[in-house]
Amino acid sequence: MCRRKRLEYRAFWGEIIMELEAIQAFKMLNNLKNKGFITLLSLMAEDLSPIETDISGGENFRLTYTLYNPVLKEFKEIQTIVNAEMRSVSTLFKSAKYDEMEIYDLFGIKFKNHPKLDRIFLDKNFVGHPLRNNYKMPETQTKKGY
Amino acid sequence: MREVTKDKIAVKIEPNHPITRDMIGFDVILDGEKISKINSNLGFSHKGIEKAGQDRYIGQYLPAIEKIDYFAPFFYSHAFLSALERLSEIELPLYAQYVRVLTMELNRITSHLSNLGRFMDVLNCRSAAFHFFNMQNEILNIFEKISGGRISCNYYVFGGVKNNICREILTEILNFTSKFKEKFKILQGFTKENPVFLDRTRNKGIIDTQNALEYSITGVNLRASGLNLDFRKEKPYLLYDKLEFHAPTVFEGDCYSRFALRLDEIKISVELVKQCLDWLLSNCEEKCNLEIKLSDICPKAGAAVSFTEGPRGLIMCHVVSDGGKKLKRVKWRTPSFYSIQILEKALIGLNLADFAVIFDSLDINSSEADR
(Lines give C-alpha, C1' and ligand atoms only; values in the text may rest on other atoms or scores of the structure.)
Protein backbone atom coordinates (compact mmCIF):
# COMPACT_ATOMS: atom_id res chain seq x y z
CA MET A 1 0.00 0.00 0.00
CA CYS A 2 1.65 3.21 -1.13
CA ARG A 3 1.53 6.25 1.12
CA ARG A 4 2.24 9.46 -0.70
CA LYS A 5 3.13 12.74 0.96
CA ARG A 6 1.95 12.06 4.48
CA LEU A 7 0.99 15.13 6.47
CA GLU A 8 2.04 15.52 10.05
CA TYR A 9 -0.95 15.00 12.32
CA ARG A 10 -1.05 17.10 15.46
CA ALA A 11 -2.85 15.84 18.54
CA PHE A 12 -3.95 19.20 19.84
CA TRP A 13 -6.36 17.89 22.42
CA GLY A 14 -4.17 15.09 23.70
CA GLU A 15 -5.94 12.27 21.88
CA ILE A 16 -4.08 9.07 21.17
CA ILE A 17 -3.80 8.56 17.42
CA MET A 18 -3.23 5.10 15.96
CA GLU A 19 -2.45 4.27 12.33
CA LEU A 20 -3.45 0.74 11.36
CA GLU A 21 -4.07 -1.45 8.31
CA ALA A 22 -7.70 -1.81 7.23
CA ILE A 23 -8.27 -5.31 8.66
CA GLN A 24 -6.58 -4.53 11.96
CA ALA A 25 -8.48 -1.27 12.27
CA PHE A 26 -11.83 -3.06 12.27
CA LYS A 27 -10.61 -5.46 14.96
CA MET A 28 -9.31 -2.56 17.04
CA LEU A 29 -12.62 -0.70 16.72
CA ASN A 30 -14.43 -3.85 17.85
CA ASN A 31 -12.09 -4.20 20.85
CA LEU A 32 -12.46 -0.56 21.83
CA LYS A 33 -16.24 -0.79 21.65
CA ASN A 34 -16.18 -3.66 24.11
CA LYS A 35 -13.91 -1.61 26.40
CA GLY A 36 -16.50 1.17 26.64
CA PHE A 37 -15.79 3.49 23.67
CA ILE A 38 -19.43 3.37 22.59
CA THR A 39 -19.77 6.77 20.90
CA LEU A 40 -18.46 7.41 17.39
CA LEU A 41 -18.25 11.19 17.36
CA SER A 42 -17.24 11.58 13.73
CA LEU A 43 -16.04 9.66 10.70
CA MET A 44 -13.93 11.56 8.19
CA ALA A 45 -12.59 10.59 4.77
CA GLU A 46 -9.81 12.29 2.86
CA ASP A 47 -8.45 11.76 -0.68
CA LEU A 48 -4.66 11.35 -0.64
CA SER A 49 -4.05 11.18 -4.41
CA PRO A 50 -2.25 14.18 -5.97
CA ILE A 51 -4.54 16.76 -7.54
CA GLU A 52 -2.71 17.05 -10.88
CA THR A 53 -3.19 13.46 -12.12
CA ASP A 54 -6.35 12.28 -13.88
CA ILE A 55 -5.98 8.62 -12.89
CA SER A 56 -9.49 7.33 -12.43
CA GLY A 57 -10.29 6.97 -8.75
CA GLY A 58 -7.12 7.76 -6.83
CA GLU A 59 -7.92 4.65 -4.74
CA ASN A 60 -5.99 6.01 -1.82
CA PHE A 61 -8.16 7.31 0.98
CA ARG A 62 -7.57 7.96 4.65
CA LEU A 63 -10.43 7.27 7.10
CA THR A 64 -10.36 8.83 10.57
CA TYR A 65 -12.60 7.47 13.35
CA THR A 66 -13.03 9.66 16.47
CA LEU A 67 -14.26 7.65 19.48
CA TYR A 68 -15.39 8.76 22.94
CA ASN A 69 -15.67 6.86 26.21
CA PRO A 70 -18.31 8.47 28.49
CA VAL A 71 -17.18 6.61 31.64
CA LEU A 72 -13.44 7.27 31.47
CA LYS A 73 -13.99 10.57 29.56
CA GLU A 74 -11.32 9.66 27.01
CA PHE A 75 -10.98 10.33 23.29
CA LYS A 76 -9.27 8.17 20.70
CA GLU A 77 -8.57 8.58 17.00
CA ILE A 78 -7.95 5.66 14.65
CA GLN A 79 -6.70 6.13 11.09
CA THR A 80 -6.52 3.70 8.20
CA ILE A 81 -5.61 3.99 4.54
CA VAL A 82 -8.00 2.09 2.26
CA ASN A 83 -8.46 1.22 -1.43
CA ALA A 84 -12.00 2.55 -1.91
CA GLU A 85 -13.35 -0.39 0.10
CA MET A 86 -13.79 -0.91 3.85
CA ARG A 87 -15.84 -3.07 6.19
CA SER A 88 -18.85 -1.25 7.60
CA VAL A 89 -18.92 -0.40 11.32
CA SER A 90 -22.67 0.29 11.40
CA THR A 91 -23.17 -2.93 13.38
CA LEU A 92 -20.84 -1.60 16.12
CA PHE A 93 -21.88 2.06 16.16
CA LYS A 94 -25.47 2.91 15.24
CA SER A 95 -24.64 6.47 14.25
CA ALA A 96 -22.17 5.22 11.60
CA LYS A 97 -25.02 4.31 9.22
CA TYR A 98 -25.52 7.86 7.93
CA ASP A 99 -21.81 8.71 8.17
CA GLU A 100 -20.92 5.88 5.80
CA MET A 101 -23.74 6.77 3.42
CA GLU A 102 -22.36 10.31 3.27
CA ILE A 103 -18.82 9.09 2.52
CA TYR A 104 -20.12 6.75 -0.20
CA ASP A 105 -22.03 9.66 -1.72
CA LEU A 106 -19.17 12.19 -1.76
CA PHE A 107 -16.08 9.92 -2.09
CA GLY A 108 -17.36 6.65 -3.57
CA ILE A 109 -15.83 4.42 -0.88
CA LYS A 110 -17.84 1.19 -0.67
CA PHE A 111 -18.63 -0.20 2.78
CA LYS A 112 -19.21 -3.96 2.97
CA ASN A 113 -22.21 -5.29 4.97
CA HIS A 114 -23.87 -1.87 5.15
CA PRO A 115 -27.69 -2.16 5.53
CA LYS A 116 -28.52 0.49 2.91
CA LEU A 117 -25.61 1.94 0.98
CA ASP A 118 -27.13 4.69 -1.14
CA ARG A 119 -26.70 8.36 -2.02
CA ILE A 120 -27.90 10.56 0.87
CA PHE A 121 -27.35 14.19 -0.18
CA LEU A 122 -27.07 14.13 -3.96
CA ASP A 123 -29.58 12.95 -6.54
CA LYS A 124 -29.60 9.25 -7.47
CA ASN A 125 -28.79 10.06 -11.13
CA PHE A 126 -25.78 12.24 -10.25
CA VAL A 127 -22.58 11.21 -12.05
CA GLY A 128 -19.29 11.04 -10.10
CA HIS A 129 -18.24 11.70 -6.51
CA PRO A 130 -17.54 15.42 -5.99
CA LEU A 131 -14.98 15.33 -3.15
CA ARG A 132 -12.54 13.10 -5.07
CA ASN A 133 -9.49 14.93 -6.34
CA ASN A 134 -10.00 13.72 -9.93
CA TYR A 135 -13.60 14.99 -10.10
CA LYS A 136 -14.07 17.72 -12.68
CA MET A 137 -16.95 20.13 -12.29
CA PRO A 138 -19.20 19.91 -15.38
CA GLU A 139 -20.77 23.06 -16.80
CA THR A 140 -24.26 21.94 -15.83
CA GLN A 141 -25.69 18.88 -14.20
CA THR A 142 -29.46 19.32 -14.01
CA LYS A 143 -31.94 17.19 -12.15
CA LYS A 144 -34.65 15.52 -14.21
CA GLY A 145 -37.98 14.06 -13.30
CA TYR A 146 -39.87 16.74 -11.41
CA MET B 1 -43.39 1.60 0.39
CA ARG B 2 -43.59 -2.12 -0.44
CA GLU B 3 -44.75 -2.93 3.07
CA VAL B 4 -48.05 -1.12 2.55
CA THR B 5 -50.90 -3.59 2.94
CA LYS B 6 -54.62 -3.23 3.52
CA ASP B 7 -54.26 -2.06 7.12
CA LYS B 8 -51.25 0.17 6.56
CA ILE B 9 -51.20 3.62 4.97
CA ALA B 10 -48.18 5.44 3.54
CA VAL B 11 -47.98 9.18 4.26
CA LYS B 12 -45.44 11.57 2.76
CA ILE B 13 -44.39 14.51 4.93
CA GLU B 14 -42.49 16.55 2.37
CA PRO B 15 -40.61 19.88 2.62
CA ASN B 16 -43.66 22.05 2.06
CA HIS B 17 -45.49 20.50 5.01
CA PRO B 18 -45.99 23.06 7.84
CA ILE B 19 -44.55 20.90 10.66
CA THR B 20 -41.18 20.33 9.01
CA ARG B 21 -40.78 24.06 8.28
CA ASP B 22 -37.26 23.62 6.88
CA MET B 23 -36.26 21.53 3.87
CA ILE B 24 -36.55 17.93 5.04
CA GLY B 25 -38.85 15.06 4.02
CA PHE B 26 -40.17 11.90 5.69
CA ASP B 27 -41.82 8.73 4.37
CA VAL B 28 -44.09 7.50 7.17
CA ILE B 29 -45.96 4.18 7.23
CA LEU B 30 -48.99 4.20 9.53
CA ASP B 31 -50.63 1.23 11.22
CA GLY B 32 -54.00 2.77 12.08
CA GLU B 33 -53.01 5.96 13.89
CA LYS B 34 -49.60 4.69 15.05
CA ILE B 35 -46.28 5.07 13.21
CA SER B 36 -44.76 1.69 12.28
CA LYS B 37 -41.87 2.81 10.06
CA ILE B 38 -40.22 6.08 9.14
CA ASN B 39 -37.52 7.02 6.61
CA SER B 40 -36.02 10.48 6.24
CA ASN B 41 -35.10 12.14 2.92
CA LEU B 42 -32.13 14.47 3.24
CA GLY B 43 -30.37 16.69 0.74
CA PHE B 44 -33.01 19.27 -0.19
CA SER B 45 -30.74 22.08 1.03
CA HIS B 46 -27.33 20.52 0.38
CA LYS B 47 -24.97 23.46 -0.21
CA GLY B 48 -21.72 21.58 -0.83
CA ILE B 49 -20.02 23.52 1.97
CA GLU B 50 -17.14 21.02 2.24
CA LYS B 51 -16.40 21.22 -1.49
CA ALA B 52 -16.47 25.03 -1.30
CA GLY B 53 -13.79 24.89 1.41
CA GLN B 54 -11.36 23.20 -0.98
CA ASP B 55 -12.06 25.45 -3.97
CA ARG B 56 -11.84 28.90 -2.36
CA TYR B 57 -9.31 30.99 -0.46
CA ILE B 58 -9.86 30.92 3.30
CA GLY B 59 -10.98 34.55 3.37
CA GLN B 60 -13.61 33.87 0.73
CA TYR B 61 -14.85 30.79 2.59
CA LEU B 62 -15.50 32.57 5.92
CA PRO B 63 -18.88 34.21 5.06
CA ALA B 64 -20.16 30.94 3.54
CA ILE B 65 -19.69 29.00 6.79
CA GLU B 66 -22.43 30.90 8.59
CA LYS B 67 -24.98 29.57 6.11
CA ILE B 68 -24.61 26.06 7.55
CA ASP B 69 -26.83 26.99 10.48
CA TYR B 70 -28.55 30.37 10.25
CA PHE B 71 -29.60 30.21 13.93
CA ALA B 72 -26.03 29.81 15.21
CA PRO B 73 -23.65 31.79 12.94
CA PHE B 74 -21.13 32.70 15.66
CA PHE B 75 -20.56 29.08 16.71
CA TYR B 76 -19.70 27.91 13.23
CA SER B 77 -17.28 30.69 12.43
CA HIS B 78 -15.58 30.13 15.80
CA ALA B 79 -15.31 26.37 15.19
CA PHE B 80 -13.56 26.91 11.85
CA LEU B 81 -11.29 29.73 13.02
CA SER B 82 -10.22 28.01 16.24
CA ALA B 83 -9.12 24.96 14.22
CA LEU B 84 -7.02 27.24 11.99
CA GLU B 85 -5.63 29.18 14.96
CA ARG B 86 -4.55 25.95 16.64
CA LEU B 87 -2.90 24.84 13.41
CA SER B 88 -0.94 28.10 13.18
CA GLU B 89 -0.29 28.18 16.97
CA ILE B 90 -1.80 31.63 17.41
CA GLU B 91 -3.16 32.64 20.81
CA LEU B 92 -6.07 35.07 20.92
CA PRO B 93 -5.74 38.35 22.88
CA LEU B 94 -7.77 38.40 26.12
CA TYR B 95 -10.12 41.09 24.82
CA ALA B 96 -11.07 39.00 21.77
CA GLN B 97 -11.66 35.95 23.95
CA TYR B 98 -14.11 37.85 26.15
CA VAL B 99 -15.93 39.26 23.13
CA ARG B 100 -16.22 35.82 21.52
CA VAL B 101 -17.69 34.29 24.69
CA LEU B 102 -20.11 37.22 25.06
CA THR B 103 -21.42 37.02 21.49
CA MET B 104 -21.59 33.22 21.47
CA GLU B 105 -23.64 33.09 24.66
CA LEU B 106 -26.01 35.77 23.33
CA ASN B 107 -26.31 33.64 20.18
CA ARG B 108 -27.15 30.57 22.25
CA ILE B 109 -30.04 32.51 23.84
CA THR B 110 -31.49 33.49 20.44
CA SER B 111 -31.25 29.91 19.17
CA HIS B 112 -33.06 28.44 22.19
CA LEU B 113 -35.68 31.20 22.15
CA SER B 114 -36.49 30.62 18.49
CA ASN B 115 -36.84 26.87 19.10
CA LEU B 116 -39.28 27.41 21.99
CA GLY B 117 -41.15 30.13 20.10
CA ARG B 118 -41.64 27.94 17.05
CA PHE B 119 -42.91 25.11 19.25
CA MET B 120 -45.45 27.47 20.86
CA ASP B 121 -46.66 28.22 17.34
CA VAL B 122 -47.19 24.47 16.76
CA LEU B 123 -49.26 24.30 19.98
CA ASN B 124 -51.39 27.18 18.65
CA CYS B 125 -50.32 29.46 21.53
CA ARG B 126 -49.68 32.39 19.18
CA SER B 127 -49.48 35.09 21.85
CA ALA B 128 -46.88 33.06 23.77
CA ALA B 129 -44.83 32.56 20.60
CA PHE B 130 -44.56 36.32 20.09
CA HIS B 131 -43.24 36.83 23.63
CA PHE B 132 -40.34 34.52 22.73
CA PHE B 133 -39.77 36.17 19.35
CA ASN B 134 -39.83 39.68 20.87
CA MET B 135 -37.08 38.75 23.31
CA GLN B 136 -35.07 37.19 20.48
CA ASN B 137 -35.51 40.37 18.46
CA GLU B 138 -33.89 42.48 21.22
CA ILE B 139 -30.69 40.44 20.93
CA LEU B 140 -30.77 40.47 17.12
CA ASN B 141 -30.87 44.28 17.34
CA ILE B 142 -27.71 44.17 19.46
CA PHE B 143 -26.03 41.92 16.86
CA GLU B 144 -26.92 44.46 14.18
CA LYS B 145 -25.24 47.25 16.16
CA ILE B 146 -22.12 45.17 16.81
CA SER B 147 -21.53 43.70 13.36
CA GLY B 148 -24.00 45.18 10.89
CA GLY B 149 -25.87 41.94 10.25
CA ARG B 150 -28.78 40.40 12.11
CA ILE B 151 -28.52 36.79 11.03
CA SER B 152 -25.24 36.33 9.18
CA CYS B 153 -22.84 38.57 11.09
CA ASN B 154 -19.35 37.59 9.79
CA TYR B 155 -17.84 39.23 12.87
CA TYR B 156 -14.92 36.94 13.74
CA VAL B 157 -11.62 37.11 11.89
CA PHE B 158 -8.44 35.05 11.93
CA GLY B 159 -6.78 35.88 15.27
CA GLY B 160 -9.54 37.96 16.88
CA VAL B 161 -12.69 39.92 16.16
CA LYS B 162 -13.40 42.56 13.51
CA ASN B 163 -13.91 45.65 15.68
CA ASN B 164 -14.34 46.78 19.27
CA ILE B 165 -17.69 46.97 21.02
CA CYS B 166 -18.27 50.54 22.24
CA ARG B 167 -19.51 51.43 25.75
CA GLU B 168 -23.04 52.34 24.55
CA ILE B 169 -23.67 48.86 23.18
CA LEU B 170 -22.22 47.25 26.31
CA THR B 171 -24.62 49.23 28.52
CA GLU B 172 -27.48 48.17 26.25
CA ILE B 173 -26.57 44.53 26.84
CA LEU B 174 -26.35 45.27 30.58
CA ASN B 175 -29.90 46.69 30.48
CA PHE B 176 -31.09 43.52 28.75
CA THR B 177 -29.61 41.29 31.47
CA SER B 178 -30.97 43.40 34.33
CA LYS B 179 -34.52 43.28 32.93
CA PHE B 180 -34.22 39.60 32.15
CA LYS B 181 -35.56 38.19 35.45
CA GLU B 182 -39.04 39.69 35.06
CA LYS B 183 -39.34 38.55 31.46
CA PHE B 184 -38.13 35.07 32.29
CA LYS B 185 -41.00 34.65 34.77
CA ILE B 186 -43.49 35.31 31.95
CA LEU B 187 -41.75 32.75 29.71
CA GLN B 188 -41.85 30.16 32.50
CA GLY B 189 -45.57 30.78 32.93
CA PHE B 190 -46.15 29.95 29.27
CA THR B 191 -44.20 26.69 29.44
CA LYS B 192 -43.65 25.07 32.84
CA GLU B 193 -47.01 26.19 34.28
CA ASN B 194 -49.05 25.77 31.10
CA PRO B 195 -51.40 22.70 31.22
CA VAL B 196 -51.53 22.43 27.38
CA PHE B 197 -47.73 22.40 27.17
CA LEU B 198 -47.38 19.80 29.96
CA ASP B 199 -50.03 17.56 28.45
CA ARG B 200 -48.42 17.45 25.02
CA THR B 201 -44.81 16.96 26.15
CA ARG B 202 -44.70 14.83 29.36
CA ASN B 203 -43.67 11.15 29.00
CA LYS B 204 -43.42 11.35 25.21
CA GLY B 205 -40.47 10.42 22.99
CA ILE B 206 -38.36 8.99 25.80
CA ILE B 207 -34.67 8.46 24.91
CA ASP B 208 -32.47 6.60 27.43
CA THR B 209 -28.78 7.32 28.04
CA GLN B 210 -27.43 4.19 26.33
CA ASN B 211 -29.33 4.85 23.10
CA ALA B 212 -28.41 8.53 23.10
CA LEU B 213 -24.71 7.67 23.38
CA GLU B 214 -24.84 4.98 20.70
CA TYR B 215 -26.54 7.38 18.29
CA SER B 216 -23.90 10.03 19.07
CA ILE B 217 -26.35 12.55 20.55
CA THR B 218 -24.72 15.49 22.36
CA GLY B 219 -25.62 18.81 23.93
CA VAL B 220 -28.97 19.56 25.58
CA ASN B 221 -30.57 16.38 24.19
CA LEU B 222 -27.96 14.21 25.94
CA ARG B 223 -28.10 16.18 29.20
CA ALA B 224 -31.88 15.67 29.23
CA SER B 225 -31.35 11.89 29.18
CA GLY B 226 -29.11 11.80 32.20
CA LEU B 227 -25.44 12.25 31.25
CA ASN B 228 -23.72 15.49 32.23
CA LEU B 229 -21.48 16.03 29.20
CA ASP B 230 -20.74 19.66 28.42
CA PHE B 231 -17.83 20.29 26.04
CA ARG B 232 -17.36 23.78 27.51
CA LYS B 233 -16.14 21.96 30.66
CA GLU B 234 -14.93 18.69 29.10
CA LYS B 235 -12.51 20.24 26.58
CA PRO B 236 -12.33 23.88 27.71
CA TYR B 237 -11.77 26.45 24.98
CA LEU B 238 -11.55 30.27 25.22
CA LEU B 239 -12.29 31.33 28.84
CA TYR B 240 -14.77 28.66 29.82
CA ASP B 241 -12.46 27.08 32.43
CA LYS B 242 -12.15 30.45 34.23
CA LEU B 243 -15.86 31.37 34.21
CA GLU B 244 -18.26 29.99 36.81
CA PHE B 245 -21.23 28.02 35.55
CA HIS B 246 -22.79 24.60 35.81
CA ALA B 247 -24.99 23.05 33.10
CA PRO B 248 -27.96 21.19 34.66
CA THR B 249 -28.81 17.53 34.00
CA VAL B 250 -32.18 15.73 34.11
CA PHE B 251 -32.84 11.97 34.05
CA GLU B 252 -36.31 11.67 32.49
CA GLY B 253 -35.31 11.92 28.82
CA ASP B 254 -38.76 12.93 27.60
CA CYS B 255 -39.80 15.93 25.49
CA TYR B 256 -40.69 18.04 28.52
CA SER B 257 -37.23 17.69 30.08
CA ARG B 258 -35.58 18.75 26.80
CA PHE B 259 -37.67 21.93 26.55
CA ALA B 260 -37.24 22.66 30.29
CA LEU B 261 -33.46 22.29 30.06
CA ARG B 262 -33.38 24.68 27.13
CA LEU B 263 -35.15 27.28 29.30
CA ASP B 264 -32.65 26.71 32.12
CA GLU B 265 -29.73 27.04 29.70
CA ILE B 266 -30.95 30.52 28.78
CA LYS B 267 -30.57 31.48 32.46
CA ILE B 268 -27.00 30.15 32.57
CA SER B 269 -26.05 31.96 29.36
CA VAL B 270 -27.29 35.26 30.85
CA GLU B 271 -25.06 34.71 33.90
CA LEU B 272 -22.08 34.05 31.63
CA VAL B 273 -22.86 37.25 29.71
CA LYS B 274 -22.89 39.19 33.02
CA GLN B 275 -19.45 37.83 33.96
CA CYS B 276 -18.04 38.89 30.58
CA LEU B 277 -19.59 42.35 30.85
CA ASP B 278 -17.90 42.93 34.23
CA TRP B 279 -14.48 42.61 32.60
CA LEU B 280 -15.36 44.32 29.31
CA LEU B 281 -16.85 47.45 30.92
CA SER B 282 -13.66 48.07 32.89
CA ASN B 283 -11.39 47.35 29.88
CA CYS B 284 -13.48 49.08 27.24
CA GLU B 285 -10.64 51.15 25.75
CA GLU B 286 -8.41 48.19 24.98
CA LYS B 287 -7.94 47.83 21.25
CA CYS B 288 -7.33 44.83 19.07
CA ASN B 289 -5.70 46.19 15.95
CA LEU B 290 -5.75 43.52 13.31
CA GLU B 291 -4.00 44.22 10.08
CA ILE B 292 -4.29 40.77 8.52
CA LYS B 293 -5.66 40.82 5.00
CA LEU B 294 -8.18 38.06 4.43
CA SER B 295 -6.44 36.91 1.26
CA ASP B 296 -3.12 36.53 3.12
CA ILE B 297 -4.25 33.89 5.63
CA CYS B 298 -1.88 30.98 5.19
CA PRO B 299 -1.86 28.35 7.97
CA LYS B 300 0.98 25.91 8.63
CA ALA B 301 0.95 22.46 7.05
CA GLY B 302 -0.77 19.78 9.12
CA ALA B 303 -4.16 18.84 10.48
CA ALA B 304 -6.22 20.05 13.42
CA VAL B 305 -9.58 19.48 15.10
CA SER B 306 -11.75 21.89 17.10
CA PHE B 307 -14.55 21.14 19.56
CA THR B 308 -17.36 23.67 20.11
CA GLU B 309 -20.48 23.23 22.22
CA GLY B 310 -23.21 24.63 19.99
CA PRO B 311 -26.87 25.15 20.89
CA ARG B 312 -27.86 21.83 19.25
CA GLY B 313 -24.84 19.77 20.34
CA LEU B 314 -21.17 19.24 19.59
CA ILE B 315 -19.76 20.99 16.52
CA MET B 316 -16.46 19.56 15.26
CA CYS B 317 -14.32 20.94 12.48
CA HIS B 318 -11.43 18.94 10.97
CA VAL B 319 -9.02 21.01 8.90
CA VAL B 320 -6.22 19.61 6.72
CA SER B 321 -3.76 22.00 5.11
CA ASP B 322 -0.57 21.62 3.05
CA GLY B 323 0.65 25.15 3.78
CA GLY B 324 -1.06 26.85 0.83
CA LYS B 325 -3.75 29.53 0.65
CA LYS B 326 -6.43 26.92 -0.01
CA LEU B 327 -7.25 24.08 2.37
CA LYS B 328 -6.95 20.43 1.36
CA ARG B 329 -9.97 19.21 3.29
CA VAL B 330 -12.61 20.66 5.63
CA LYS B 331 -14.92 18.27 7.46
CA TRP B 332 -17.90 19.40 9.55
CA ARG B 333 -19.60 17.39 12.26
CA THR B 334 -23.08 18.86 12.61
CA PRO B 335 -25.26 17.69 15.54
CA SER B 336 -28.62 17.68 13.69
CA PHE B 337 -27.32 15.03 11.29
CA TYR B 338 -27.26 12.57 14.22
CA SER B 339 -30.51 13.77 15.86
CA ILE B 340 -32.41 12.76 12.70
CA GLN B 341 -31.27 9.15 13.12
CA ILE B 342 -32.63 8.91 16.66
CA LEU B 343 -35.87 10.60 15.57
CA GLU B 344 -36.50 7.59 13.30
CA LYS B 345 -36.20 5.31 16.35
CA ALA B 346 -38.00 7.43 18.95
CA LEU B 347 -41.15 7.86 16.86
CA ILE B 348 -42.00 4.17 16.31
CA GLY B 349 -45.21 3.17 18.11
CA LEU B 350 -46.38 6.74 18.72
CA ASN B 351 -49.31 8.66 17.24
CA LEU B 352 -48.77 10.78 14.13
CA ALA B 353 -49.99 13.78 16.16
CA ASP B 354 -46.86 13.54 18.33
CA PHE B 355 -44.54 13.88 15.32
CA ALA B 356 -44.32 17.67 15.56
CA VAL B 357 -43.67 17.62 19.32
CA ILE B 358 -40.75 15.20 19.16
CA PHE B 359 -39.33 16.79 16.00
CA ASP B 360 -39.23 20.19 17.74
CA SER B 361 -37.99 18.83 21.08
CA LEU B 362 -34.83 17.45 19.40
CA ASP B 363 -34.23 20.91 17.88
CA ILE B 364 -33.43 19.64 14.37
CA ASN B 365 -32.32 22.17 11.79
CA SER B 366 -32.29 20.55 8.36
CA SER B 367 -30.04 23.21 6.86
CA GLU B 368 -27.42 22.17 9.41
CA ALA B 369 -27.91 18.45 8.75
CA ASP B 370 -27.56 18.84 4.97
CA ARG B 371 -24.50 21.11 5.06
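The values are calculated or read from the model by the stated rules, or taken from the named source; none is laboratory data. Fair warning: this is a prediction, and the values are worked out from it, not measured in the lab. No Cβ is skipped: glycine too gets one built from the backbone with ideal geometry, and neighbour counts run over all protein chains shown. The area values use the complete protein model at the heavy-atom level, side chains included, leaving out ligands, DNA and RNA. Shrake-Rupley method; radii C 1.70, N 1.55, O 1.52, S 1.80 Å.
At-a-glance table
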read-out	value
Area accessible to solvent at B:His46, 1.4 Å probe radius, in Å²	60 Å²
Long-range Cα-Cα pairs in the protein assembly as shown (distance over 31 Å), rounded percent	46 percent
Nearest-ten-degree value, helix B:94-122 long axis tilted from longest Cα axis of chain B	20 degrees
Segment B:306-358 - percent of accessible surface contributed by carbon and sulfur, probe 1.4 Å	48 percent
Net charge of Cβ neighbours under 13 Å - reference B:Ile206; Lys, Arg +1; Asp, Glu -1	0
For segment B:95-224: rounded, prolate or oblate by the Cα gyration tensor [a/c cutoff 1.5]	oblate
By average C-beta atoms within 10 angstrom, highest first, the peptides B:191-199, B:350-358	B:350-358, B:191-199
Positive-pole candidate from B:Val220, B:Ala96, B:Pro18, dipole of segment B:8-370, charges at beta carbon	B:Pro18
Net charge of Cβ neighbours under 15 Å - reference B:Glu33; Lys, Arg +1; Asp, Glu -1	+1
Cα-based Kirkwood hydrodynamic radius, segment A:43-136, one decimal, Å	14.2 Å
Rg/Rg_ref, segment B:47-168, where Rg_ref = 2.2 N^0.38 Å and atoms are Cα	1.18
Degrees between helix B:126-147 axis and first principal axis of chain B (Cα, 0 to 90, nearest 10)	20 degrees
Length added when fully stretched, B:Tyr57-B:Glu193, from 0.36 nm per residue minus Cα-Cα	43.8 nm
GluC sites (Glu not before Pro) lying in DSSP loop within segment B:97-165, provided at most 12 other Cβ fall within 10 Å	none
Long-range HN-HN contacts of A:Asn134 with modeled amide H, under 5 Å	A:Gly58
Scaled radius of gyration (Cα, divided by 2.2 N^0.38 Å) that segment B:1-112 gives	1.58
Over segment B:8-370: Kirkwood hydrodynamic radius from C-alpha pairwise inverse distances, Å	21.4 Å
Descending semi-axes in Å of segment B:196-276, equivalent ellipsoid built from Cα gyration tensor	25, 17, 7
Cβ-defined net charge surrounding B:Lys47, 10 Å radius [Lys, Arg +1; Asp, Glu -1]	+1
Whole-Hz couplings from phi, Karplus 6.51/-1.76/1.60, listed for segment B:211-226; x for Gly and Pro	5, 4, 6, 5, 8, 6, 7, 9, x, 4, 4, 6, 5, 6, 9, x
Surface/4 estimate of mean projected area, convex hull on alpha-carbon atoms of segment B:10-52, nm²	3.6 nm²
Theoretical FRET efficiency, 1/(1+(r/R0)^6), r = Cβ-Cβ of B:Glu344 and A:Glu85, R0 25 Å, to 0.05	0.35
Additional length obtainable on full extension of the chain from B:Lys242 to B:Asn137, 0.36 nm per residue less Cα span	34.8 nm
With Cα atoms, 0 to 90° folded angle of helix B:180-191 axis to chain B main axis	20 degrees
Kirkwood hydrodynamic radius (C-alpha pairs) into Stokes-Einstein, segment B:40-82, 10 °C and 1.306 mPa s, D in µm²/s	142 µm²/s
Efficiency of FRET from Cβ geometry, B:Glu271 and B:Cys166, R₀ 22 Å, rounded to 0.05	0.40
Relative contact order (%) - chain B, alpha-carbon pairs under 8 angstrom, separation at least six	25 percent
Averaged over B:214-222, number of beta-carbon atoms from partner chains that fall within 10 Å	4
For chain B, built as a Gaussian network whose Cα springs stay under 10 Å, the top-fluctuating residue of B:Ser339, B:Ser306, B:Ser127	B:Ser127
Magnitude of the charge dipole, segment B:8-370, Cβ model with Lys/Arg +1 and Asp/Glu -1, debye to 20	400 debye
Efficiency of FRET from Cβ geometry, B:Asp22 and A:Asn125, R₀ 30 Å, rounded to 0.05	0.80
Global form of segment B:243-371, assessed from the alpha-carbon gyration tensor, a/c cut-off 1.5	oblate
Two-decimal Rg/Rh across segment B:190-234, once Rg and the Kirkwood Rh are taken from alpha-carbon atoms	1.09
